[in-house]
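Report on the structure given below.
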Amino acid sequence: RLSRSGTPPGLSTGPVSIWLAGVSIGAADPNRASYRKLHRNQIGDHLRATTRSHTIQLGGTWAENVNWIDELADFNGSYQYATLTDFARDLAGDGKNYSLYRQSLGRADRKFRIRDAAVYAQDNWRALRRLTVDAGLRWDKATLPQPTARDAVHWRTGTIPSPNLAFSARVGAAYMLDDNTVARFGFGMFYAPYSGEFIDSLLLGNARQQINILANRTYTGAPAFPAAAASTTSAPAGTKRIVYATSKFWYSYSPQTTFS
């Protein structure tokens, strides 16, 4: 549990969050609540066999991350101001002078699963008395949850693709120069699993479960300080944020090379 909504601050501006030149001067807690829980299941098996000058390893793993999230950021609305003058004018009811308005509406609680599988093969070869060579290949595959609906215009919000060709190679060598010195070289590709926060953003990216309002004062129907949108139907037109993955949706990866 990261945070729980606090008691009302008792300010004349109500529970709305106010930011002035990057400093919070309004209600201290902009979220309705923030609760996150992760349960991980993992199983794997590995086999090693030695024959003559080769040591061969084969293996595979399967993991499942079950994510529970109950969070609705800026539930009460958040106003951002560039200068004290702009804030003072809004506080006095002199039009709309804020720079940006944010608010999230809709369902806060959700649950989803991310499954990852991987298999690999590796060979450690004693090529010469002084030389050892390593070579391996690993394949990763993620099974991602899918959105329950899609945006009427942005059809890509209805699916989250997962790459099938996520192969990573590992090569290395060690050479004994003399009885006291060994030179080593290694190279490998390492894929990072998809984070729960990232997948959660894509699941909410169709603006069906949640609507994330991002507006400035020139938008039609933009709220006037310190009011906030009461429901998803009262959100200003054209302010919802859409997030989706393209068809070429790859893992983030890190190529690593070592010399010693």
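The values are calculated or read from the model by the stated rules, or taken from the named source; none is laboratory data. Nothing here was measured: the structure is a model prediction, and the numbers come from that model. When we count neighbours, we look across all protein chains shown, and the Cβ atoms used for this are built from the backbone with ideal geometry, even at glycine. The accessibility values were calculated without ligands, DNA or RNA, using every heavy atom of the protein model including side chains. Shrake-Rupley method; radii C 1.70, N 1.55, O 1.52, S 1.80 Å.
Taking just the alpha-carbon atoms of segment 151-260, what radius of gyration and Dmax come out, in angstrom?
According to the Cα coordinates of segment 151-260, Rg and Dmax are 24.3, 79 Å.
Tell me, what is the 1.4 Å probe accessible area of Glu197, in Å² to the nearest 10?
Accessible surface of Glu197 is approximately 110 Å².
Within segment 154-181, find all residues whose amide N lies under 19 Å from a label point positioned 7 Å from the Cα of Leu128 along Cα-to-beta-carbon.
It comes to 172-181, nothing else.
So the label point goes 7 Å from the Cα of Thr61 along Cα→C-beta, right? Which residues of segment 175-215 then have their backbone N under 18 Å from it?
Label zone hits: 188-196.
Would you work out what percent of the accessible area of the chain, with all protein chains in place, is carbon or sulfur (probe 1.4 Å)?
56
When only the heavy atoms of the protein chains count and the probe is 1.4 Å, how do Leu165, Leu202 rank by accessible area, highest first?
From most exposed to least exposed: Leu165, Leu202.
Among (1) 29, 23, 17; (2) 53, 21, 17; (3) 63, 22, 17, find the value of semi-axes √(5λ) of the Cα gyration tensor in Å that was calculated from the structure presented, and write down its label.
So the structure-derived entry is (2).
Straight-line reach from Lys111: which lysines have a Cα under 24 Å away, not including same-chain ones fewer than 8 places off?
Qualifying lysines at Cα under 24 Å: Lys37, Lys141, Lys240.
Using only DSSP helix segments of four residues or longer, with each worth -39500 (n - 2.57), what per-residue ellipticity at 222 nm results for the chain after dividing by its residue count and rounding to 500?
Helix-only estimate at 222 nm: -1500 deg cm²/dmol.
What ranking of Lys141, Lys37 comes out by heavy-atom accessible area, probe 1.4 Å, highest first?
Lys37, Lys141
What nm distance separates the two modelled labels at Thr50 and Arg241, each placed 7 Å from Cα along Cα→Cβ?
So the two model labels end up 5.6 nm from each other.
Find the accessible area per residue for segment 111-260; the probe is 1.4 Å, ligands and nucleic acids are left out, and the unit is Å².
59
Distance in nm between label sites at Leu84 and Ser24, each 7 Å beyond Cα in the beta-carbon direction?
In this crude label model, Leu84 to Ser24 measures out at 2.2 nm.
What nm value, rounded to one decimal, do you get for the distance between Thr218 and Thr233 when each label is placed 7 Å out toward the C-beta?
Here the modelled spin labels are 3.1 nm apart.
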